[in-house]
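FYI, it's all coordinate maths here, none of it is from the lab. No experiment lies behind these values; they were computed from the predicted model shown. In this analysis, Cβ positions are derived from the backbone assuming ideal geometry, glycine residues included, and neighbour counts consider all displayed protein chains.
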């Protein structure tokens, strides 16, 4: 048996997620109602097993030996991924090792493991204002930036805002971001951007993207540092960052900014097919 919880009851599942909450801020952000997501349980009044579909991943917690719940989950994933094609891929992290054992029985396709790192920062390690190169300017991602005439803004920025925050106004009202703009007589374009993914209390998480032609110039460090500086100067005490373990650019950028590795975890990835335009799986660096 499986039930979809009403958002007002998401708090009933908080304790079930245990240490998953330490490295996935989006769990608390979803429970708090800051970011949207979907939560499914075996019993809405006294849940024993839980599945969360959050903006940053999918999370299983509670009792992995709940056979009725697991069977219902399998039926759901078959419908979501095979029949209705609502999901093309899921990235699952689990609380309790028993969930990893039963995942092949729940997910409809082959599973691969994607090792990941979770970083945290509570003090900036770089003076980004002193390192802005000639021809570049760092700006906050706000309405004034978005309405700047002639500014070339990558579509990925709009996608990021609307995916994590439901809409551009939702992002502007609830989150923050910074970007680096390259300006000359012929170009006026955003070339690197760092946006907030999720917020819970005084903690937040950010990501970073840089156009390929502008990487390895220190722009990712510059842009991410501006976002972290803003966060720590406006009431946030902790900023998070996630990346794949093979993404050395992202790892190097985070450490230059002042992030330190806090947790290792694994996403269990199940894909059905590649979309024509695949969402970015990871942050990139300098």
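Structural remarks
- Compactness relative to 2.2 N^0.38 Å, alpha carbon Rg of segment 1-153: 1.34
- Degrees between helix 219-232 axis and first principal axis of the chain (Cα, 0 to 90, nearest 10): 70
- Tail fraction, Cα-Cα pairs, segment 155-205, threshold 11 Å, whole percent: 71
- DSSP beta bridges confined to segment 120-265 are antiparallel in about 85 percent of cases.
- Beta bridges by DSSP in segment 3-109, antiparallel share as percent, to the nearest 5: 80
- Equivalent-ellipsoid semi-axes for segment 120-265 (Cα gyration tensor, √(5λ), whole Å, largest first): 23, 19, 14.
- Angle of helix 97-106 to the longest C-alpha principal axis of the chain, folded into 0 to 90 degrees and rounded to 10: 80°.
- Gaussian network model of the chain, springs between alpha carbon atoms under 10 Å - residue of 46, 167, 192 with greatest fluctuation: 46
- Per-q log10 I(q)/I(0), segment 7-89, q = 0.17 Å⁻¹ (Debye; single scatterer per alpha-carbon; no solvent): -0.69
- Estimated 222 nm signal from helices in the chain, with DSSP H stretches of n ≥ 4 weighted -39500 (n - 2.57), rounded to 500: -7500 deg cm²/dmol
- Volume per residue for the chain equals 129 cubic angstrom (convex hull of Cα atoms).
- Here the chain carries DSSP beta bridges of which approximately 90% are antiparallel, counting only pairs with both residues inside.
- Comparing mean-square fluctuations of 263, 118, 24 from a GNM of the chain with C-alpha springs under 10 Å, the top value falls on 263.
- Tilt relative to the chain, helix 248-257 - C-alpha long axis, 0 to 90 degrees, to 10: 60
- Peptides ranked, highest mean first, by Cβ atoms within 10 Å: ranges 30-41, 125-136: 30-41, 125-136
- Between segment 79-107 and segment 127-206, the alpha-carbon center distance in angstrom: 33
- GNM flexibility winner over the chain from 165, 241, 99 (Cα, springs under 10 Å): 99
- Remark: the residue 147-residue 79 segment gains 20.4 nm on full extension, using 0.36 nm per residue and subtracting the alpha carbon distance.
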